[in-house]
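The values are calculated or read from the model by the stated rules, or taken from the named source; none is laboratory data. Only a predicted model underlies this, so the values are computations on that prediction, with no experimental measurement involved. Here the Cβ positions follow ideal geometry from the backbone for every residue, glycine too, while neighbour counts run over all protein chains shown. When the accessible area is computed, the model is the full protein with side chains, heavy atoms only, and any ligands, DNA or RNA have been set aside. Shrake-Rupley method; radii C 1.70, N 1.55, O 1.52, S 1.80 Å.
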Amino acid sequence: MRILRASDHKRMPWKNGKGETVEIAVFPEAASVDDFDWRISMATVAEDGPFSVFADIDRTLSILKGNGIELSVEGEPDRVLRPDTPPHAFPADAVTSARLLSGPITDLNVMTRRGKFIHGVTMLPASERVITSNGSDVTLVLPTSDLVLKDGTLLGAYDAILLHPGDSEIELSQAPSSRTFLVRIASRQKASVSLQV
């Protein structure tokens, strides 16, 4: 198990230069926004406009903070995403834009290279306490507010826990009102692995 503190997350410009992204984890570790196999990041969207295009990438978007956006993805009906909306998956190489509903938002982006990796993103029910790697290559837990582990370790908002196969299970203590995201990533060869809770 690794704890990735929010203060250590890497900050960099969006691929299209119109904003800033906060990289939580990436593989390979030295990969750029052009050659990663998978990437987990956050971004603040402060104005309406286009998303960066990533060839051969599948993407899931979740709203962490703010009122939400109306997402327009080429070939799909427009969709409103809010903090209580389930994570939304779409192809990152489709032309995509967003319109803010009311004020800036912060989102969570999970991206995997099509044909190499698959991923799933869910919001953990407050009753969910024990997390294992569940056969995935990578499992990441991201709370949006303080979260305590059974051993007393405190995670702040947007700190993350990273699990790999063979890591011990972790036990969480979540408040009923908490919002915690679970990300699972598996190689395409493990397509039968459950990517949900």
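Just for segment 92-115: of the residues that are open to solvent by 30 Å² or more (accessible area, probe 1.4 Å) and of a type outside the set (D, E, K, R), which one is nearest to Ser187 (Cα to Cα)? Looking at the filtered set, the residue picked out is Gly115. Is at least one residue of segment 64-71 at pLDDT 95 or above, closer than 25 Å to Arg188 by Cβ and loosely packed, with under 15 Cβ neighbours inside 10 Å? Within segment 64-71 (the criterion being at pLDDT 95 or above, closer than 25 Å to Arg188 by Cβ and loosely packed, with under 15 Cβ neighbours inside 10 Å), the answer is no, since none of the residues qualifies. Taking the criterion of being modelled with pLDDT of 90 or more, under 22 Å from Thr44 (Cα atoms), assigned to a loop (DSSP other than H, G, I, E, B) and open to solvent by 20 Å² or more (accessible area, probe 1.4 Å), would at least one residue in segment 124-144 satisfy it? Checking segment 124-144: at least one residue is modelled with pLDDT of 90 or more, under 22 Å from Thr44 (Cα atoms), assigned to a loop (DSSP other than H, G, I, E, B) and open to solvent by 20 Å² or more (accessible area, probe 1.4 Å).
Restricting segment 12-28 to residues that are at pLDDT below 90 and open to solvent by 30 Å² or more (accessible area, probe 1.4 Å) leaves a set whose member that is nearest to Thr106 (Cα to Cα) is Glu20. Pairing residues of segment 43-67 that are aliphatic (A, V, I, L, M) with residues that are part of a loop (DSSP other than H, G, I, E, B) and open to solvent by 70 Å² or more (accessible area, probe 1.4 Å), at Cβ distances under 6 Å and at least 6 apart in sequence or on separate chains, gives Ala46/Pro104; Ile63/Arg82. Comparison of Asp137, Asp159 shows that the only residue that is over 23 Å from Asp58 (Cβ atoms) and of a type outside the set (Ser, Thr, Tyr) is Asp159.
To keep it simple, each residue is scored yes or no on (1) out of contact with any Lys or Arg (no Cβ under 6 Å at 6 or more places or on another chain); (2) aromatic (Phe, Trp, Tyr).
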residue: Phe117; (1), (2): yes, yes
residue: Gly120; (1), (2): no, no
residue: Leu124; (1), (2): yes, no
residue: Pro143; (1), (2): yes, no
residue: Asp151; (1), (2): yes, no
residue: Gly156; (1), (2): yes, no
residue: Ala160; (1), (2): yes, no
residue: Glu169; (1), (2): yes, no
residue: Val183; (1), (2): yes, no
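Kindly indicate whether any position in segment 83-91 is open to solvent by 60 Å² or more (accessible area, probe 1.4 Å), in a strand (DSSP E or B), among the hydrophobic types (A, V, I, L, M, F, W, C) and within 22 Å of Val141 (Cα to Cα). Yes, segment 83-91 has at least one match.
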